[in-house]
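Okay, structure first, notes after.
What follows draws every value from the coordinates through simple rules; no lab data is involved. All values derive from a computational prediction rather than experimental measurement. As a convention, Cβ positions derive from the backbone with ideal geometry for all residues, glycine included, and neighbour counts pool all protein chains shown.
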Number of protein chains: 2
Amino acid sequence: MNISQAATRAGLPAKTIRYYEEIGLITPGRGANGYRDFSQTDVHNLRFLARARSLGFTIEECRALLTLYADKGRASGDVKRIAQKHLEQIDSKIAELRSMRATLSDLISACAGDHRPDCPILTGLAGESR
Amino acid sequence: MNISQAATRAGLPAKTIRYYEEIGLITPGRGANGYRDFSQTDVHNLRFLARARSLGFTIEECRALLTLYADKGRASGDVKRIAQKHLEQIDSKIAELRSMRATLSDLISACAGDHRPDCPILTGLAGESR
DNA sequence: CTTGACCTTCCAGTAACTGGAAGCACTATC
DNA sequence: GATAGTGCTTCCAGTTACTGGAAGGTCAAG
């Protein structure tokens, strides 16, 4: 099938699929006219990639996961290790955002937000409040 | 003062400060030798930028905030609007990460993580579990 | 006068796409 | 067969916010 159909089935933009081929994540065949020809397996791999990316795995992690996915002799421990490491990164990102959120929220609630120039948000950012 | 001292006082790498000048966030003076010469105000602005960036504001938001900071006739409402919009983005990012975390965590806990090839993480990513 | 630390600019690379231009291929219609 | 419209191709550039490194000028100490 052509790229637009593969894109629809995988839930990815055609542009992204071309990019994935460019970096060697997938290697669809080619028709006589030079068009990419996607097999069911290609689409399957694209869906796999779409899900992995939506869980926040980096491209390189996706590459590793896809390799493990194709390797029927894999050890599930290898997969789990990657996933756990990623989970830790998600957790630290959440913690970082929560910390930002707390500070920002405090500043916002202290600000009148009217036509007057006095602004605790700015003075907070300027470091005058500590 | 020279850039390394300004960097120390602002808590930013010298590279970053040069970058900020390049994109017009700050405009330190220059000595006869061509070295940048940072005033107290420059350092103050750098610290402001460092704090704003650490709260996750984008460079363009920082630019706007810095402009408002310099404008003594500002309306605090303008500042608050920027901050609130940013807070919303933080919240949606947190929500997204939490959703990822939940899914990933489920997959991980279902995986034995040993030498065997069976892996719920991979089958989950492949979409076979739904 | 040389050494070492510090400064300068400029170029390239990062992550993961995304937009757009120029040009060939296919399908349908007139 | 000409034409129009859609889809495909490649290639180049831009995005965000830096970061690393090279080549070379400057300064303070000994």
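Computed quantities for the displayed model
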read-out: Exam field: residue B:53 pseudo-label spacings to other copies (7 Å along Cα-Cβ), nanometres; value: 2.8
read-out: Cα Rg, Dmax (largest Cα-Cα span) when computed across the protein assembly as shown, Å; value: 24.6, 69
read-out: 10 Å Cβ neighbours from other chains, averaged over peptide B:72-85; value: 6
read-out: Per principal axis, descending, Cα span of segment A:1-121 in whole Å; value: 69, 39, 20
read-out: Computed P(r) (all Cα pairs; segment B:75-130; 5 Å bins; percent); value: 4, 17, 16, 13, 10, 9, 8, 7, 6, 5, 3, 1, 0
read-out: Segment B:1-84: chymotrypsin sites (Phe, Trp or Tyr not before Pro) in DSSP loop, at most 13 other beta carbons within 10 Å; value: B:35
read-out: Loop trypsin sites (Lys or Arg not before Pro), segment A:1-94, which have at most 15 other Cβ atoms in a 10 Å radius of their Cβ (DSSP); value: A:72
read-out: Under the span-like rule (Cα at least 30 Å along the axis, Kyte-Doolittle mean at least 1.6), DSSP H helices of chain B; value: none
read-out: Filter on B:15/B:85; A:85/B:93; A:80/B:93; A:85/B:80; A:93/B:15 - keep pairs with C-alpha separation over 31 Å; value: A:85/B:80
read-out: Pairs of Cα atoms farther than 13 Å apart, segment A:1-72, %; value: 62
read-out: Closest Cβ on chain B to the rotation axis that carries it onto A (distance rounded to whole Å); value: B:94, 3
read-out: Choice from A:13, A:117, A:28 showing the highest fluctuation, given a GNM over chain A with Cα pairs closer than 10 Å; value: A:117
read-out: 16 Å reach of a label modelled at residue A:85, 7 Å along Cα-to-Cβ, counting backbone N of segment A:35-61; value: A:56-61
read-out: Between segment A:14-55 and segment B:75-130, the Cα center-to-center distance that results, in Å; value: 24
read-out: Per-residue mean of C-beta atoms belonging to partner chains within 10 Å, peptide A:21-34; value: 0
read-out: Net dipole in debye of the protein assembly as shown [+1 Lys, Arg Cβ; -1 Asp, Glu Cβ; about Cα centre; nearest 20]; value: 60
read-out: For residue A:118, inter-copy label distances in nm, listed shortest first [label point 7 Å out on the Cα-Cβ vector]; value: 6.8
